[in-house]
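The values are calculated or read from the model by the stated rules, or taken from the named source; none is laboratory data. Bear in mind the structure is a predicted one, so any value in this text is a computation, not a measurement. Only protein heavy atoms, including side chains, enter the accessible area calculation; ligands, DNA and RNA are left aside. Shrake-Rupley method; radii C 1.70, N 1.55, O 1.52, S 1.80 Å.
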Amino acid sequence: FEIGDDEELVVSDEVRKGKKAVAVAGQMCRQESFQNWILERHEAGKDGLVHPEQATIECLQVELGIESRSELSDNVLAQDQFRSLILQYRKDTADSKTF
């Protein structure tokens with residue numbers, strides 16, 4: 001970390017992007033539409049015995065090759081893969097929202 005001229009902590013763009021990725025991943029895993037999308041993508045949770053949020057977290061970890069969403073804070077490759085995954089999700093779900 002760096003201290004600015006005003007003696008305040010300067011947070012780098014990389015750190016800010018990493019924290020945002022962790023936060024967005026948490027939000028997405030709680031969203032029912034994202035849960036349905038990624039669980040279908042992984043053919044998971046069909047038996048109804050799994051908790052959807054936990055199953056979504058596990059599928060996301062497999063997709064990104066990480067053991068925990070917190071790894072998104074400093075794993076640039078996983079961040080890029082996560083952005084691509086979100087874009088694919090938006091594309092796939094936008095198709096279903098057309099008139």
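Think of a 1.4 Å ball rolled over the protein heavy atoms: the stretch 28-80 then has 62 Å² of accessible area per residue.
Accessible area per residue was computed with a 1.4 Å probe on protein heavy atoms; H42 scores about 60 Å².
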